[in-house]
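Trainee: The following block contains the structure, expressed as C-alpha cells.
Quick note: the coordinates plus some simple rules give every number you see, no bench work behind them. Owing to the predicted nature of the structure, the values given are computational and were not obtained by experimental measurement. Counting neighbours? That spans all protein chains shown, and the Cβs are built from the backbone with ideal geometry, glycine included.
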C-alpha cells in the first residue's frame, strides 16, 4: 500500500554535519535579508554572559517582529504526536550572518531565514510552543538570544523582559535537507496558490487510500496540471508556466504539504521555484527566505479520465455569488441528510428567464428554498448534490459567473468558471427520493 514515507535523510544523522553541505547562496543571494524591514539600534548587544554563568555558544540579536514572523512560518511543521521530544522543538541556527529557523514532523520540513546580528555562531533547539508564545508576547523591540552551551539554556532579553528557556542540543535534531538548485521549475506565486486552493479541497482527508490524499502534479513543456479526487469529486487545474520542461514530470504531492505551502507563500514573492532532487523522493519549494521540503507519495495516481463527462444536455450559467449564498443557506438544513440538496433547473421562455432552485429539507429544523435567475441552455433537470462540496468549490471561484453542466440525475455535474478554461470541478450526484 502506498503511503507518505518519512523524509529521506531525516533520521538520526547529527545535525552538525549539515554545516559541511553547500550553503544556499544561489537561493538567497537575490533575496532581502529578512522577512520584514530590519532596523538595528546603534547600541551594542547586552552582555548576558554574566547571567548564564557558562560558555556562550551563540549570541544573536534580531527584531521581535522578524522573529515572530519566522516562527509563525515554521511552527506548523512542528510535530505534535512524535515520541521524539526534539520534534516538538524549533531549530535556531546562525547561518551566514542571519538566523535560520527550522521545524519538521518527518513528513515536511519548513525553514525560514531572518535578518540578525550574529556575534557568536551556534545552534540550539527550543520548545516551539513555549518559545513562540514568549516571542509573541514580547514588545516590538530588539531581542537578544544568548545560549549557554553547558546547560543548553537560551537566555532571552527584550526591553526589560528576561527569560530562560531550556532547549535540546541541536545535534539531536534531524538533518535538514538542502535544496537542489538545478533543474528548477518557476511558477508564479499567485498562480500556484490559486491552483492549490482550487485542487487540494478535493483530496481525501483520511488515510484509507493514501494515494488520494495527494495531488497529482504534471509538468510538461510550458504547462502544469494539478488533479485531486476523494472518489466523490474531482478538481482539475492547469496553468501556463514560464520556461520549458523538456522531460515530462509526474509526481504526487501530499495535499497537506501544499496547503501549508499556500499558507506560508508570501504574496510579496513573485515566484516559487520547484525542484525534485534526484534519488530523494522529495519535492522542494524555494521562496524568498523560506524553503518547504515534502516527501512525495510513491504511488500511481488513479486514471480519472473516465469520470469526466463526455457530453452534456443542460448548461446553466448563474451568478457565482448568488449560487454560493444559496448553497450556504441550503447547507444549514442539509446537515441531517448527508448534506444532500436538490437543484431544479428550468429553461426560460420569451416572458421569463430560466431559473435554478436550490432546496434542502430537514425533518427536525425545517427547509430552505432559494430560486436564482439563470441562463439555461438545454433540458429541465432535477439533480441532487452534496451541498457542502458545492459550497467548497464555489468559494474558490472568483469569476462573476459560473456554469453548471449536467447530463441526467445519475451522471456527474461539472462546474466551470465562465471565461476561465483552466479550472474544472466534477461532483458525483446523490440519490434522493421523490
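Trainee: Can you tell which of 141, 206, 180 shows the greatest fluctuation in a Gaussian network model of the chain with Cα springs below 10 Å?
Mentor: Maximum among the listed residues: 206.
Trainee: I've got another one for you. From the C-alpha coordinates alone, can you work out the Kirkwood hydrodynamic radius of the range 365-426, in Å?
Mentor: Result for the range 365-426 stands at 13.2 Å.
Trainee: Using every alpha carbon pair in the range 76-139, what percent of pairs falls into each 5 Å bin from 0 up to the bin containing the largest distance?
Mentor: In order of increasing distance, the bins hold 4, 18, 24, 25, 18, 9, 3, 0 percent.
Trainee: Something else now. State the extension gain, in nm to one decimal, for the chain segment bounded by residue 160 and residue 141, taking 0.36 nm per residue of separation less the distance between their alpha-carbons.
Mentor: Full extension of this stretch gives 5.8 nm more.
Trainee: Which residue fluctuates the most in the chain, going by a Gaussian network model with Cα springs under 10 Å, if the choices are 254, 306, 177?
Mentor: 306
Trainee: Let me ask you something else. To the nearest Å, what is the center-to-center distance of the range 76-97 and the range 220-276, using C-alpha atoms only?
Mentor: A separation of 27 Å, based on Cα centres.
Trainee: While we're on this one: With r as the distance between the Cβ atoms of residue 76 and residue 246 and R0 = 35 Å, compute the FRET efficiency 1/(1 + (r/R0)^6) and round to 0.05.
Mentor: Efficiency, rounded to the nearest 0.05: 0.50.
Trainee: With every atom except the alpha carbons ignored, what do you get for Rg and Dmax of the range 186-295, in angstroms?
Mentor: 13.2, 38
Trainee: How would you order 420-430, 111-121 from highest to lowest mean count of nearby Cβ atoms within 10 Å?
Mentor: Ranked by mean Cβ neighbours within 10 Å, highest first: 111-121, 420-430.
Trainee: Among 389, 244, 273, rank each residue by its count of other Cβ atoms within 10 Å, from fewest to most, as a rough exposure measure.
Mentor: 244, 273, 389
Trainee: Hey, what number do you get for the chain at 222 nm if only DSSP H runs of n ≥ 4 count, each worth -39500 (n - 2.57), divided across all residues, to the nearest 500?
Mentor: Only helices count here, giving -5000 deg cm²/dmol.
Trainee: When the chain is modelled as a GNM with alpha-carbon springs shorter than 10 Å, which of 248, 309, 174 fluctuates the most?
Mentor: 248
Trainee: Given the C-alpha centroids of the range 287-351 and the range 358-434, what is the distance between them in whole angstrom?
Mentor: Taking the Cα centre of the range 358-434 as reference, the centre of the range 287-351 is 7 Å away.
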